[in-house]
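The values are calculated or read from the model by the stated rules, or taken from the named source; none is laboratory data. As the structure is a prediction and not an experimental result, all values here were calculated from the model. When we count neighbours, we look across all protein chains shown, and the Cβ atoms used for this are built from the backbone with ideal geometry, even at glycine.
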Amino acid sequence: MFETLGKWLDYMLGRFHVAFIEADRWKLYLQGLGVTLEMTVIALVFGTILGLAVAVVRTAHDQQRPGRHNIILGFFNKLCNLYTTVIRGTPMMVQLLIWSFVIFSNSRNKIMVGIIGLGINSGAYVAEIIRGGLMSVDVGQSEAGRSLGLNYFDTMRFIVIPQAFKNILPSLGNEFITLFKDTSLVNAIGAAELTYYAQRIGGRTFDYMPPLLGIAFMYLLIVIVFTWLQGKLERRLRESDRR
């Protein structure tokens, strides 16, 4: 029994050696991981800026005083509502294919196309996360800011958004994790990220199991580390509230 187990372990170690060590293939995984993290960060920044703009417009529209409706604000609110509805109502894979093969069909920079697709998709979800956080802040805070002579955007920047940030941090952290994992979808449009290299190595070695299990472990490890960092930040924010 132990002899059979030893042979099986040697066989499995040999497969992983071919997939990761032989011909310095581990460098391809690190290269793909670097691209994946770069895409995640840039797409999240882009999505957060876009989502914040959409959330502010929709919140400003929803918090208008009864009987007072700004026509321009109403127009942009409808555009923002259409944007979030379409993006959240269609699969990300379909969106990436449209960005790559329809809108940017002549572009060879698939990584940039993937970042645009991921960022716009993330922006719709971030917009709803931030809007929920802004709406959770008591309206009296906004009225207090206006009574001090601040305009709407200064009130949001200095009073409302800092308070809402603590409420939306867990959801934003979850969005980052989701976005990080969803970068694997850009492999469908030919972007050279982590999953792309794993499939490429599997094709060369005619053995897909080791590279796919390897990148699954890499995804899991990074998600665990980020979840730990997120929890640590949340605990510090709670401690600052008690003080």
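Descriptive notes on the structure:
- When residues in segment 102-115 are screened for being loosely packed, with under 12 Cβ neighbours inside 10 Å and in contact (Cβ under 8 Å) with a residue 12 or more places away in the chain, 0 of them pass.
- Just one residue in the set Asn174, Asn151, Asn187, Asn167 is touching a Phe, Trp or Tyr at 6+ places or on another chain (Cβ under 8 Å) and without any contact (Cβ under 8 Å) to a residue 40 or more places away in the chain; that residue is Asn187.
- Of all residues making up segment 1-56, the number that are small (Gly, Ala, Ser) and under 26 Å from Leu194 (Cα atoms): 7
- Scanning segment 57-68 for residues that are exposed (fewer than 11 other Cβ atoms within 10 Å of the Cβ) and not charged (D, E, K, R) yields Pro66, Gly67.
- Only one of Val54, Val86 that is surrounded by 15 or more Cβ atoms within 10 Å (Cβ to Cβ) and aliphatic (A, V, I, L, M): Val54
- Pick from segment 107-143, criterion part of a helix (DSSP H, G or I) and among the charged types (D, E, K, R), ranking: modelled with the lowest pLDDT: Glu143
- Residue match in segment 46-62 (condition: in a helix (DSSP H, G or I), of a type in the set (Ser, Thr, Tyr) and at pLDDT 95 or above): no
- Only a single item in (1) hydroxyl-bearing (Ser, Thr, Tyr); (2) in contact with a Leu (Cβ under 7 Å, 6 or more places away or on another chain); (3) more than 23 Å from Leu172 (Cβ to Cβ) is not met by Ser107, and it is number (2).
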